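Here's the structure, in structure tokens; my notes come after.
The values are calculated or read from the model by the stated rules, or taken from the named source; none is laboratory data. Worth saying up front: this structure is predicted, and the values here are computed from it rather than measured. A quick note on method: Cβ atoms are made from the backbone with ideal geometry, for glycine too, and the neighbour counts reach across all protein chains shown. Keep in mind that these areas ignore ligands, DNA and RNA; they rest on the heavy atoms of the full protein, side chains included. Shrake-Rupley method; radii C 1.70, N 1.55, O 1.52, S 1.80 Å.
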Amino acid sequence: MCIRDRADSAHFIQYFKRHIHAYSSRVITVGGSYAGALSAWMRYKYPHLIHGALSSSGVVNAVLDFSDFDDQIRASVQKSGPKCESIIHKLIKEAEDTWKTNPWIIKIAHDAPFIEWEDFMFYYSDIFVEAVQYGQRTNFCDFLEKIENDPERQHKLAQFAISYRAPCHIYSFDYIRTTQIDPYNNYRQWTYQFCSSLGYLNTVGRKGEPMRFKEMTLKYWQSYCKKSFDTVTFPNTNETNSIYGDLRIAQLVSNVFFTNGGEDPWQWAGVRSVDPNDRSVEALVIDCDNCGHCVDLHAPTPDDSQLLKEARERITKRIKEWLK
């Protein structure tokens, strides 16, 4: 699928340049997350078409057992103090214990009557993941402290989660198995990508108490991928990296700027540093409070940290150099 993505993008660029008669114009690709990886891969594969690339939170390194993801969630949450991490552990245990005795209590609280335990684990873990990943760590931890002793805390957690993430039902196997085309949802396609080639399987962390259910090992993901597509589908990340270059892509390209947010768990699948003597490639970890996934691509606000403002200035300066 990744190969087709690159080829389709190259075809579109060539078509569009012909269409607007911009044959000699330089093209800069910009992307975040998977598209950030695609941006760097485009420069690597089609240097005659792409003059430069911004790879924001670009996950260029396919990782099978991605336990670093969970460890980064913990490290980011700890910036709000030990209380936030402790509440998350309590909520996970409460959800697990309640499911074992009366799953309908949890299902009703999260408006998920048809979800199974296996897909519920993924959904529930992602509540905490996405709050941190998308730069809501401070607000989320403050919220958790407010609801810690509230009898309706599971329901309120679900309501808070809806404000920044997809609803629970898209995690259900029934939804993922649906082959009907939906232009407003790509979750089946993304699931197929990580199950078939990219990995990034969010397994339990290894540097402390996991920030997800302890059952979420590689064995869990093998079952998850098989149930999602009714066939044995599991990524060969070594093969994927042999095609796309993994982290070594930074040594194989020029005119690429890699950025990552300091609190983003996806940074451990991206390029965080490069040879300082190589001026043709740049990497930057924007390590500020609530600097999460693709933070540099967000619209600027007056509340942005100085580090984020400086990062955007560096990106702008580099792109102007490419366009001279």
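For region 97-121, a residue qualifies if it is in a helix (DSSP H, G or I) and either under 14 Å from the mean Cα position of the chain (by Cα) or small (Gly, Ala, Ser) (or both), and exactly one does: ALA109. Within region 284-293, is even one residue touching a Ser or Thr at 6+ places or on another chain (Cβ under 8 Å), among the aliphatic types (A, V, I, L, M) and more than 22 Å from ALA131 (Cα to Cα)? The answer is yes, given that some residue of region 284-293 is touching a Ser or Thr at 6+ places or on another chain (Cβ under 8 Å), among the aliphatic types (A, V, I, L, M) and more than 22 Å from ALA131 (Cα to Cα). The set of residues from region 161-180 being under 21 Å from LYS226 (Cα atoms) and of a type outside the set (D, E, K, R) comprises CYS168, HIS169, ILE170, TYR171, SER172, PHE173, TYR175, ILE176, THR178, THR179, GLN180.
Scoring PRO300 on the criteria (1) open to solvent by 30 Å² or more (accessible area, probe 1.4 Å); (2) closer than 21 Å to PHE66 by Cα leaves a single failure, condition (2).
Look at region 236-251: where a residue is farther than 13 Å from ALA283 by Cβ and in contact (Cβ under 8 Å) with a residue 12 or more places away in the chain and a partner is assigned to a helix (DSSP H, G or I) and aliphatic (A, V, I, L, M), sitting 6+ places away or on another chain with Cβ atoms under 6 Å, you get GLY245/LEU252. Among the criteria (1) closer than 12 Å to SER57 by Cα; (2) open to solvent by 40 Å² or more (accessible area, probe 1.4 Å), the one HIS293 does not fulfil is (2).
Filtering region 130-140 to residues that are surrounded by fewer than 22 Cβ atoms within 10 Å (Cβ to Cβ) and closer than 18 Å to PRO210 by Cα leaves only GLU130. Going by the conditions given, is THR191 touching a Leu at 6+ places or on another chain (Cβ under 8 Å), closer than 28 Å to THR237 by Cα, surrounded by 13 or more Cβ atoms within 10 Å (Cβ to Cβ) and polar (S, T, N, Q)? The answer is no for THR191. Within the option set ASN260, ASN255, being open to solvent by 20 Å² or more (accessible area, probe 1.4 Å), farther than 13 Å from LEU198 by Cβ and in contact with a Gly (Cβ under 8 Å, 6 or more places away or on another chain) holds for one residue only, ASN255.
For every residue, the table says whether it meets (1) in contact with a Pro (Cβ under 6 Å, 6 or more places away or on another chain); (2) over 22 Å from ASP264 (Cβ atoms); (3) surrounded by fewer than 13 Cβ atoms within 10 Å (Cβ to Cβ).
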{"position": "ARG6", "(1), (2), (3)": "no, yes, no"}
{"position": "ILE13", "(1), (2), (3)": "no, yes, no"}
{"position": "ILE20", "(1), (2), (3)": "no, yes, yes"}
{"position": "VAL30", "(1), (2), (3)": "no, no, no"}
{"position": "TYR34", "(1), (2), (3)": "no, no, no"}
{"position": "TRP41", "(1), (2), (3)": "no, no, no"}
{"position": "ALA53", "(1), (2), (3)": "no, no, no"}
{"position": "ALA62", "(1), (2), (3)": "no, no, no"}
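Considering region 64-110, the residues that are basic (Lys, Arg) and open to solvent by 20 Å² or more (accessible area, probe 1.4 Å) include one that is farthest from GLY135 (Cα to Cα), namely LYS100. Residue pairs whose Cβ atoms lie under 6 Å apart, separated by 6 or more positions or on different chains, with the first residue in region 89-115 and closer than 17 Å to PHE213 by Cα and the second of a type in the set (S, T, N, Q) and assigned to a helix (DSSP H, G or I), are ILE106/THR98.
Looking across LEU307, LEU284, one residue alone is assigned to a helix (DSSP H, G or I) and hydrophobic (A, V, I, L, M, F, W, C). It is LEU307. A search for C-beta distances below 7 Å between a residue of region 134-153 that is farther than 20 Å from ASP296 by Cα and any residue that is open to solvent by 30 Å² or more (accessible area, probe 1.4 Å) and of a type in the set (S, T, N, Q), counting only pairs 6+ apart in sequence or on different chains, returns CYS141/SER80. Applying a threshold of 6 Å to beta carbon distances and a minimum spacing of six or more residues, or different chains, the list of pairs starting in region 168-190 at a residue that is without any contact (Cβ under 8 Å) to a residue 40 or more places away in the chain and ending at one that is assigned to a helix (DSSP H, G or I) and open to solvent by 70 Å² or more (accessible area, probe 1.4 Å) reads TYR175/HIS169. Within region 220-256, the set of residues being in a helix (DSSP H, G or I), among the β-branched types (Val, Ile, Thr) and out of contact with any Ser or Thr (no Cβ under 6 Å at 6 or more places or on another chain) comprises THR237, ILE243, ILE249.
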